[in-house]
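Asker: Pasting a structure here, questions to come.
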Amino acid sequence: MSEGLSGSAAPEIGDDLLILFPHGTRPTARRVHGQCGTSGFADASGPDLTEYEHKVDIAAPTGLGLQRAGLVFDLVGLAPGPPIAVPDMGEEQVMREPILPTRTEASSLRLGPHIVAGKGSLAILREWFGLASGLAETFGATTLCWVPGGVVVPLDRLPHHLHAWDDRGDVPVNLLASFRRTIDGAVQSHGLAFFTGQEFRIEPPLVRGGEDGLARLIFSHLFYAGEQTVTGELAAPDGTPLRLEPSGNRRFVRVWPG
């Protein structure tokens, strides 16, 4: 299975990558369109790529189309229309303030219909985040939110993550996933299901503290391997054998000592 793609059903286009602006500062469609040629975040923009035909500075319901590297994305939630609602990200207390609705308003950068089936492609993901980063920097945003993984990235940390992605060329786990303790002592991923339809659980016998490296390894492995329907094997960074076992309902991959 190539780059985490699985299943044959047409993927739903959602508000997965949010750009958060200080309250009252979201750009209009005309401002974004006008900056395309000079700021370099996109190769082209509507109206040729959207239904943006009115003279008033209000984007069409489908958003403003932005083309980058031959891929078309739709920017929605522009001013003066309503912002996009930011869902519960399950964030830690220290990260709640930057995304409070009293302080920020969100726009959403959606995959265009012709590329949504490739949402698990690292090439498409890189252009998606690259375009969001360019928009955020150009129009004074403060934060990006990757909703499927519950990841909140302050804008001043984003270049570090993107440079690391480019340098290593591997799965950018820090931008795509978060890992949280469950009430029974396991460590569970948030974000893998966007690509494979399954999350994973590092079961309590393997949890001794400092599981971040192991969680990143498992996420990267399953991102490429896709949905798991049979028990598999993997080695931890220290060489410990692991057993990867799909749960009965196949919603999770349970990771046990091998």
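Asker: For the stretch 239-258, give me each residue that is out of contact with any strand residue (DSSP E or B) (no Cβ under 9 Å at 6 or more places or on another chain), small (G, A, S) and open to solvent by 60 Å² or more (accessible area, probe 1.4 Å).
Answerer: G248, the sole residue that qualifies.
Asker: Do the conditions hold for S189, that is, is it of a type in the set (S, T, N, Q), closer than 27 Å to L75 by Cβ and at pLDDT 95 or above?
Answerer: Judged against the criteria, S189 is not a match.
Asker: Mind listing whichever residues of the stretch 149-160 are surrounded by 18 or more Cβ atoms within 10 Å (Cβ to Cβ) and assigned to a helix (DSSP H, G or I)?
Answerer: Hits for the stretch 149-160 are G149, L158.
Asker: Quick test of your reading of the structure: L131 fulfils all but one of (1) among the hydrophobic types (A, V, I, L, M, F, W, C); (2) closer than 29 Å to E199 by Cβ; (3) at pLDDT below 95. Name the failing condition by number.
Answerer: Going through (1) among the hydrophobic types (A, V, I, L, M, F, W, C); (2) closer than 29 Å to E199 by Cβ; (3) at pLDDT below 95 one by one, L131 breaks only (3).
Asker: Could you list all residues from the stretch 168-216 that are among the basic types (K, R) and either open to solvent by less than 40 Å² (accessible area, probe 1.4 Å) or not in a helix (DSSP H, G or I) (or both)?
Answerer: R180, R181, R201, R208
Asker: Tally time: how many residues in the stretch 217-234 are open to solvent by 10 Å² or more (accessible area, probe 1.4 Å), of a type in the set (V, I, T) and within 26 Å of the chain's Cα centre (by Cα)? Explain how you work it out, then say what you get.
Answerer: Residues of the stretch 217-234 that are open to solvent by 10 Å² or more (accessible area, probe 1.4 Å), as a first pass: 217, 220-221, 224-225, 227-234.
Pick out the ones that are also of a type in the set (V, I, T) and you get 229-231.
Add one more test, that the residue is within 26 Å of the chain's Cα centre (by Cα), and what stays is 229.
Residues that pass the stated criteria total 1.
Asker: Do the conditions hold for T138, that is, is it open to solvent by 40 Å² or more (accessible area, probe 1.4 Å), of a type outside the set (D, E), more than 26 Å from L242 (Cα to Cα) and at pLDDT 95 or above?
Answerer: yes
The values are calculated or read from the model by the stated rules, or taken from the named source; none is laboratory data. It should be emphasised that the depicted structure is a prediction, and the values quoted were computed from it without experimental measurement. FYI the Cβ positions are ideal-geometry reconstructions off the backbone, even for glycines, and counts take in every protein chain you see. Heavy atoms of the whole protein, side chains included, go into the accessibility calculation; ligands, DNA and RNA do not. Shrake-Rupley method; radii C 1.70, N 1.55, O 1.52, S 1.80 Å.
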